[in-house]
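Have a look at the structure below before the remarks.
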Amino acid sequence: VYEKQANIIRQLSQRAQILLDSGESMTIMHLIALITRKRQANVWPAGIELRDAEGEIVFSVGEEVQESVKLDAALEHILQIHAEGRRQVVFSQFSTALQGFKDILEENGLRVAVLTGATPRKLRDEIKNNFYLAKGEEPKWDIILCNYKTGGTGLNLTAATATHIIDEEWNPGKRDQAYARTDRIGQE
């Protein structure tokens with residue numbers, strides 16, 4: 001059903017195997033980058049690039065592959081919870097996936113805020129206040145999409161009652177912090 005996404009995942013595996021079989025010396029960071037791009041392809045393949053040791057692009061997906069089995073499955077759950085009138089938080093380590101998911105959610109009638117490192121400080125504060133139950137603000141957004149680095153610590157997102165993890169954070173401490181954003185003192 002998700003032929004384009006499956007093809008990208010397959011191509012990344014083949015690229016990794018070619019590099020491993022070549023005997024070419026690779027750094028740990030290069031291997032981690034290969035693994036990370038494969039993880040990203042399982043979430044949202046659009047925008048993936050692989051670079052060689054000299055920084056040259058050797059593999060690029062571009063924007064043509066805009067499908068994701070994970071995001072479609074999450075969408076189904078999100079729409080069910082939204083129908084109950086509940087606000088939600090979504091976490092991913094991939095900002096491109098969050099941006100692609102924002103478009104999908106908005107096409108389905110949800111009001112979406114995105115909290116990443118690229119979010120301007122003023123908007124970031126506005127989003128944080130709107131999702132903090134103790135502030136008592138009228139909801140401006142139904143759902144907030146966060147990356148782990150920006151949305152994982154120092155936030156009280158108690159106006160949301162459901163958290164969706166699109167991909168696991170590798171650092172267990174950061175992961176647990178993200179889980180705890182909605183499960184805070186003041187949550188009803």
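We did not get these values from a lab; they are worked out from the coordinates using the rules stated. Worth saying up front: this structure is predicted, and the values here are computed from it rather than measured. Note that each Cβ is placed from the backbone with ideal geometry, even for glycine, and that neighbours are counted across all protein chains shown.
Some points to look at:
- Of LYS4/LYS70; LYS102/LYS149; LYS102/LYS140; LYS102/LYS135; LYS70/LYS102; LYS70/LYS140, those spanning more than 21 Å from alpha-carbon to alpha-carbon: LYS102/LYS135; LYS70/LYS140
- For the stretch 1-108, pairs of C-alpha atoms spaced more than 19 angstrom apart make up 49 percent of the total.
- Between LEU133, ALA53, VAL1, the Cα set farthest toward the positive side of the dipole of the chain (charges on each charged residue's Cβ, about the Cα centre) is that of LEU133.
- Axis angle, to the nearest 10 degrees, between helix 95-107 and the longest C-alpha principal axis of the chain: 50 degrees.
- Summarising the label geometry, the points placed 7 Å from Cα in the beta-carbon direction at ALA118 and LYS149 lie 1.2 nm from one another.
- FRET E, pair ILE57, GLU106, Förster distance 45 Å, beta-carbon r, rounded to 0.05: 0.90
- Rg(Cα)/(2.2 N^0.38 Å) for the stretch 49-171, N = residue count: 1.14
- Annotation: peptides 109-118, 25-34, ranked by per-residue average of other Cβ atoms within 10 Å with the highest first, follow the order 109-118, 25-34.
- Charging the Cβ of each Asp and Glu at -1 and of each Lys and Arg at +1, and nothing else, the dipole of the chain about its Cα centre rounds to 620 debye.
- Gaussian network model of the chain, springs between alpha carbon atoms under 10 Å - residue of ALA97, ALA162, ALA178 with greatest fluctuation: ALA162
- The chain: angle of helix 121-130 to the longest principal axis, Cα-based, in degrees nearest 10: 50
- Label point distance in nm, VAL69-LYS174, each placed 7 Å from Cα along Cα→Cβ: 2.6
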